[in-house]
Amino acid sequence: MRINLALTLLILLSRTIAAKECIEKRKFIAVKGDLGMYQRVHPSGNFVMSSVGDRIKIFDLRTNPATAVDTPMKSEAYPVEGSWELIASPDHPVEGMKYFSFNEALREGRAVKAKFNDPEHDEYYHSAAEFPDSTKEKLHFRTSLYTQLKYRDYVVTQNSGDEPPRVEKSTVKSLCKETKDFSQPILSKDGLYVGGIAHSAKLKGPFSQTLQIFRIDGEKCVPVSDAGFATSKPSFAYPEKDKAPKLVFTGETLEPAFVVPISNRIGDRTAAYIFDSGTGRTVKISQPGESPQYPGFTRDGRVIYAGLQNGRKGFYVVDPGQVENGLGACVKSETSGPKIRRREVDAGDKPTTAR
């Protein structure tokens, strides 16, 4: 009897300790004023870029309610995923794609100036991502154009002081040239894969396009996974060693005709989901009434999305490892969990003030 009691207490204690090591399962950070319509999540989870009107605001989630910094970047500006060292902001057709420093934008607000621009490779809708060999001193990244289905690679060598960086550009190449009905490309966080809508062998009839993942091989795209349904603007998780890519998205744009009657069928079109291309599973991570929009991953595996709490606008920070359906281990707290590379939070440890 005493042994059983001691064993029970030991199990309860171990669970309590484990729970304390996890971050909060779900946290809401309120926003005063306009939240905007299109969000991009910083790898540290400390910041979210949002399209407010025709410009970008950077929300600082280290305060509650969040503070915001106004910038001159256009509303469809997109981070160079990875470290977010640079932000690609379209200025079509005037000066082409402008590349800003994220940390400078956070410090200087509306006064920030672009580091360089590319008038030859520019489109309002686009995505960009750093390759695995990219460093702070020598950024190596790819920018793809959404409707033109083209991409270009860059090597940007940073210089000291106010001297502009040295920029090397590849030739512009076609993206997924031989893939049937390919559209809406979003690059993975390491620039090696692309998610998009393409013709699916799983479907017959007039509605035969689904969300798929491809590995980029020159101008060809090698199929990796077919989700079995169509949606818009998914966002990749950060790559994990020896694991297949994951995507997060909301179901609001899904059309019933696009949904395949398979095990990962989407039920709630107002929810946020994660699709694991390795297992084929689709798991809902939001709760009823949150009205999630534009979810994105942090580097340590959390998901952040804009939403509502009792009528208030703000951001949800969710640990997918603790959702009801289960997606593996929880995200560890700052003291025991994975460390964010310092260059991703160079803007400082202190919360910003609204300006």
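Listed values, structure above:
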quantity	calculated
Residue within segment 86-95 that is under 18 Å from the mean Cα position of the chain (by Cα) and of a type outside the set (Gly, Ala, Ser) present	yes
Selection count where residues are in contact (Cβ under 8 Å) with a residue 60 or more places away in the chain and on the phi > 0 side of the Ramachandran plot, scope segment 21-57	2
Qualifying residue in segment 63-86 (condition: out of contact with any Ser or Thr (no Cβ under 9 Å at 6 or more places or on another chain), surrounded by fewer than 18 Cβ atoms within 10 Å (Cβ to Cβ) and of a type in the set (D, E, K, R))	yes
Single residue of segment 35-67 satisfying the filter (assigned to a strand (DSSP E or B) and either at pLDDT below 95 or β-branched (Val, Ile, Thr) (or both)) that is nearest to Leu106 (Cα to Cα)	Ile58
Failed criterion for Glu344 (all others in (1) in a loop (DSSP other than H, G, I, E, B); (2) in contact with a Pro (Cβ under 7 Å, 6 or more places away or on another chain); (3) at pLDDT below 80 hold)	(1)
Hits in segment 99-146 - residues which are closer than 22 Å to Ser183 by Cβ and assigned to a strand (DSSP E or B)	His126, Ser127, Ala128, Ala129, Arg142, Thr143, Ser144, Leu145
Residues of segment 127-150 that turn out to be modelled with pLDDT under 95 and either hydroxyl-bearing (Ser, Thr, Tyr) or surrounded by 19 or more Cβ atoms within 10 Å (Cβ to Cβ) (or both), as a count	2
Residue tally, condition of a type in the set (Gly, Ala, Ser) and over 16 Å from Lys313 (Cβ atoms), over segment 46-80	2
Test: residue in segment 143-157 that is farther than 20 Å from Asp122 by Cα and polar (S, T, N, Q)	yes
First in segment 275-296 and under 19 Å from Gly307 (Cβ atoms), second anywhere and at pLDDT below 90 and of a type in the set (Asp, Glu), Cβ under 7 Å, 6 or more apart	Lys284/Asp268
Filter result for Ala354 (in a strand (DSSP E or B) and either of a type in the set (Gly, Ala, Ser) or at pLDDT below 90 (or both))	no
Those residues of segment 151-175 which are farther than 19 Å from Leu192 by Cβ and crowded, with 16+ Cβ neighbours inside 10 Å, in sequence order	Gln158, Pro165
Subset of segment 199-223 [within 18 Å of Tyr146 (Cβ to Cβ) and at pLDDT 90 or above]	Gln212, Ile213, Phe214, Ile216, Glu219, Cys221
Residues satisfying the stated conditions in segment 87-113, i.e. more than 14 Å from Ile56 (Cα to Cα) and buried (at least 20 other Cβ atoms within 10 Å of the Cβ)	Met97
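The values are calculated or read from the model by the stated rules, or taken from the named source; none is laboratory data. If you're wondering where the values come from, they're calculated on a predicted model, not measured in any experiment. Cβ coordinates were reconstructed from backbone atoms using ideal geometry, including for glycine residues, and neighbour counts include every protein chain displayed.
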